[in-house]
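Structure record follows, encoded as structure tokens.
The values are calculated or read from the model by the stated rules, or taken from the named source; none is laboratory data. Note that the coordinates shown come from a computational prediction; the quantities given were computed from them, not determined experimentally. Positions of Cβ are generated from backbone atoms using ideal geometry, with glycine treated the same way; all protein chains shown enter the neighbour counts.
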Amino acid sequence: MNRLEGRVALVTGGSRGIGAAIATRLAAEGASVAIGFAGREEAASEVVSAIERAGGRALALQGDISDPDASAALVERTVSEYGRLDVLVNNAGITRDGLLVRMSDDDWHAVIETNLSGAFYTTRAASRIMMKQRSGSIVNIASVVGMMGNAGQVNYAAAKAGLIGMTKTVARELAGRGVRANAIAPGFIETDMTASLSDAARKGALSMIAMRRMGSVEDIGAVAAFLASDDAAYITGQVIAIDGGMTFA
């Protein structure tokens, strides 16, 4: 299936986990993919190599999206290399977990700046390109915790809730120029983060999920590719929870 043949995608935080799976799926469907990364150059290069071995086209671009100039540069370098930008996936994010009363200002600001402000910076830069093209798809990777909250993640939940609000606003602002914006809200997905859960924590997580299992990064990649494609041409401003029936939102 080559739903994205001839299109160009930028995936932030694309060096591992969900971001790598999204980049790989977009490339498999025909897109040329720029993989944004902050510090994991070797991991990003491995994703590029895997895509190229499969016959796809990809490159790795370093940049800290919490810096507005670096975010704009990621977009500019993608367009410089590939000539256009059709898909932006805002996936880059960090965690600095802690209870509200113990959370430091630094931990609050670090998560908000990367997870929310970073997505704003890249979206602002990409939207200017997409509006000129009169086409484009923005896919924001939010989280179910942005919909339901989660103890110990006040900064992360606030950032993801803000990302959902930003998605809906961007969708309204850009729809008239042919640009769509949607969000994916993953639940518990098998990643390095969930692999570190204790047996008790994993059991508790599974008890909240109707399907009684965690999802895979490929589950997220599949929906991201759908939202990026013309199969989702009449979908904008939506939040799709990929959570095995955890929220039914």
query: How many residues does segment 192-208 contain that are part of a loop (DSSP other than H, G, I, E, B) and surrounded by 10 or more Cβ atoms within 10 Å (Cβ to Cβ)?
result: 2
task: Would you please name the residue that is nearest to T236 (Cα to Cα), looking only at residues in segment 166-216 that are of a type in the set (K, R) and in contact (Cβ under 8 Å) with a residue 40 or more places away in the chain?
output: R180
message: With the structure loaded, tell me whether G245 is on the phi > 0 side of the Ramachandran plot and more than 17 Å from the chain's Cα centre (by Cα) or whether it fails that test.
response: yes
- line: Residue pairs qualifying under the 9 Å Cβ cut-off, at least six apart or on distinct chains, with the first in segment 98-114 being farther than 12 Å from A157 by Cβ and the second being β-branched (V, I, T) and at pLDDT below 95, are A110/I94; T114/I94
Residue identified as surrounded by fewer than 19 Cβ atoms within 10 Å (Cβ to Cβ) and either in a helix (DSSP H, G or I) or among the polar types (S, T, N, Q) (or both) among D231, D219: D231
field: So A27, is it assigned to a helix (DSSP H, G or I), surrounded by fewer than 22 Cβ atoms within 10 Å (Cβ to Cβ) and small (G, A, S)
entry: no
